[in-house]
Amino acid sequence: MARRTARPRQRASAAARPPPAVPAGCPCGLPAAYEACCGRYHAGTEAAPGAEALMRSRYSAFVRGDVGYLLRTWHPRTRPERLELDPGMRWTGLEILGTADGSAFHTTGTVEFRASYRGGALHERSRFERVAGAWVYVDGEFPEGSA
Ligand SMILES: [Zn+2]
């Protein structure tokens, strides 16, 4: 009796699959390519110009697992010693619900957002401050009756 039990594998032909309809934009949800959007901030070539841009770039950093960026955009006062991301977490989208201040003319700002992940969503109102000119994340509160 033949000992070979392995059958030739049926491989789905990649060519038969339709290409994605739209080129993926930035993970933060904006249509621009990652490199032209949050990627600039992650690379350190530019600093996020406002609280919302920083919020978006931090969400993208969560999506991409960029712990270094998350830590360096965290206020020194509230920054954790270290940060471990759950590798099983699958972020699926960011929705900005509202902003207050956080522009070039402010030193503080808040951004309320809903970040969705597989199995749930995080609704947070984050506070941001400028430290030596650069926007950083301070902390967040969780509006009641939300998510
Ligand atoms: Zn982006």
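Residues Phe113, Phe142, Phe105, Phe128: which one is of a type outside the set (Val, Ile, Thr) and within 15 Å of the chain's Cα centre (by Cα)?
That would be Phe113, the only listed residue that is of a type outside the set (Val, Ile, Thr) and within 15 Å of the chain's Cα centre (by Cα).
Could you run through the range 103-136 and say how many residues are part of a loop (DSSP other than H, G, I, E, B) and in contact (Cβ under 8 Å) with a residue 24 or more places away in the chain?
Qualifying residue count for the region: 5.
Could you say whether any residue in the range 87-97 is within 14 Å of the chain's Cα centre (by Cα) and basic (Lys, Arg)?
Yes: one or more hits.
Looking at Leu83, is it aliphatic (A, V, I, L, M), outside any loop (DSSP other than H, G, I, E, B) and either away from the ligand (no atom under 15 Å from the Cβ) or touching a residue at least 12 places away in the same chain (Cβ under 8 Å) (or both)?
For Leu83, the condition - aliphatic (A, V, I, L, M), outside any loop (DSSP other than H, G, I, E, B) and either away from the ligand (no atom under 15 Å from the Cβ) or touching a residue at least 12 places away in the same chain (Cβ under 8 Å) (or both) - is not met.
I need a count of the residues in the range 41-80 that are of a type in the set (D, E, K, R), touching a residue at least 12 places away in the same chain (Cβ under 8 Å) and surrounded by fewer than 14 Cβ atoms within 10 Å (Cβ to Cβ).
Number of matching residues: 1.
Could you list, in sequence order, all residues of the range 31-80 that are among the small types (Gly, Ala, Ser), farther than 20 Å from Arg114 by Cα and assigned to a helix (DSSP H, G or I)?
Hits for the range 31-80 are Ala36, Gly39, Ala43, Gly68.
Is it the case that the range 10-27 has a residue that's modelled with pLDDT of 95 or more and β-branched (Val, Ile, Thr)?
Within the range 10-27, not a single residue is modelled with pLDDT of 95 or more and β-branched (Val, Ile, Thr).
Out of the range 48-80, which residues are aliphatic (A, V, I, L, M), closer than 18 Å to Trp135 by Cβ and within 15 Å of the ligand (Cβ to nearest atom)?
Within the range 48-80, Ala48, Ala51, Ala53, Leu54, Met55, Ala61, Leu70 meet the criteria.
The values are calculated or read from the model by the stated rules, or taken from the named source; none is laboratory data. Just so we're clear, the structure is a prediction, and the values are computed from it rather than from any experiment. We place every Cβ from the backbone using ideal geometry, glycine too, and count neighbours over all the protein chains shown.
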